[in-house]
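See structure below.
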Amino acid sequence: MAITKGVNATAIDTDDPFNFLSAGNLAGTVRVAMDSRACAAGDLNADGDAVILAQVPSSARLTSIVIANDDLDSGTQSSVNVGVYNGAEKFNDTDGSATLYAADAVINENCFASAQNFMQSSQSDGVEVLFKVAARRNAPLQALWEAAGLTSDPGVPLRLAITQTATVSGAQAGDVVMIVNYVTD
């Protein structure tokens with residue numbers, strides 16, 4: 001019989017688990033960010049079009065991203081990513097490149113989901129997209145800034161968005177809803 005333990009379960013076996021666990025991994029305040037957008041046919045019909053639907057603290061640990069939508073593609077062309085954009089405040093990443101991220105700039109457009117086709121049909125029950133990318137499944141305890149690939153916490157709100165990666169000739173109007181659950185310290 002084999003017994004294996006998760007990251008938190010291993011830390012709990014130590015003498016003082018609270019010295020080893022980051023806030024938000026074992027306890028914290030669960031919050032929800034929700035938004036909806038009535039998309040016109042031209043809002044998500046070209047490569048690079050984006051709909052920003054949630055803003056959360058960069059230090060948040062996400063536990064769920066659910067997207068519900070109407071059929072926004074009368075055909076089969078829509079292919080979207082789900083990722084992170086900067087909020088309204090520009091910042092420099094602290095790595096050697098000191099990359100400047102302008103307000104509303106793309107940070108990582110597909111860190112949660114890549115080339116997904118769920119916009120091609122109605123998703124009234126919602127689609128969970130937090131772990132669609134293997135890197136997220138392999139590192140579920142990361143803060144949002146880490147999941148986005150930043151080298152340090154910028155301490156500013158970051159935005160979650162859906163970004164179109166295809167040209168959609170059969171785009172049609174419809175609603176999109178994003179519900180994000182996350183834990184803060």
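At a Förster distance of 35 Å, what's the computed FRET efficiency of residue 152 paired with residue 115, Cβ-Cβ distance as r, to 0.05?
E between residue 152 and residue 115, to the nearest 0.05, is 0.75.
What is the sum of charges around residue 121, taking Lys and Arg as +1, Asp and Glu as -1, for the other residues whose C-beta is under 12 Å from the C-beta of residue 121?
Computed value for this residue: -4.
Round to a whole angstrom and tell me the spacing of the C-alpha centers of segment 28-85 and segment 116-185.
6
Full extension from residue 131 to residue 35: what is 0.36 nm times the residue separation minus their Cα-Cα distance, to one decimal in nm?
Stretched fully, the residue 131-residue 35 segment lengthens by 32.5 nm.
Read-outs throughout are calculated quantities, based only on the coordinates presented, and are distinct from any laboratory measurement. Remember, it's a predicted structure, so these values are computed and weren't measured experimentally. A quick note on method: Cβ atoms are made from the backbone with ideal geometry, for glycine too, and the neighbour counts reach across all protein chains shown.
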